[in-house]
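The values are calculated or read from the model by the stated rules, or taken from the named source; none is laboratory data. Nothing here was measured: the structure is a model prediction, and the numbers come from that model. Every residue, glycine as well, gets a Cβ built from its backbone with ideal geometry; the counts of neighbours run over all protein chains shown.
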Amino acid sequence: MFHLQSPPPVRPHRQLLERSLLDQKVHWSVAVEAEGWELLVQFVRLGIGPAVVNGSVRTPTAVRTVPVRDLPPVRYYAITRRNHPADNRLDILRGLLKRFVV
């Protein structure tokens, strides 16, 4: 049995983990439920167990990050107000995201 830190069951991240682990026939249990990326990282640092976090989460040097390639990609959307005059800020944001977000 694999013990993993996890967000609460109502969170989309938990639901994604459950589906993905079930699809891979991984038997797992929740070591601890925690709300928030920083808290999950802190629990890993304290040795409570591993966690799967978003790639944009800052992690201290005391923990090791290992890319998980078999999970679906996380999608992000740039949003703006409807019916608002366009300006160049959205184009700048798009450019930065393409440059710095993998």
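Below, the figures for the structure above:
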read-out	value
Hits in region 1-16 - residues which are under 15 Å from the mean Cα position of the chain (by Cα) and in contact (Cβ under 8 Å) with a residue 40 or more places away in the chain	Leu4, Gln5, Ser6, His13, Leu16
Helices (runs of 4 or more DSSP H) enclosed by the chain - at least 1 residues per element that are at pLDDT 85 or above and among the hydroxyl-bearing types (Ser, Thr, Tyr)	12-23
Qualifying residues in region 18-35 (those that are exposed (fewer than 12 other Cβ atoms within 10 Å of the Cβ), touching a residue at least 12 places away in the same chain (Cβ under 8 Å) and out of contact with any Pro (no Cβ under 8 Å at 6 or more places or on another chain)) - the one nearest to Pro8 (Cα to Cα)	Ser29
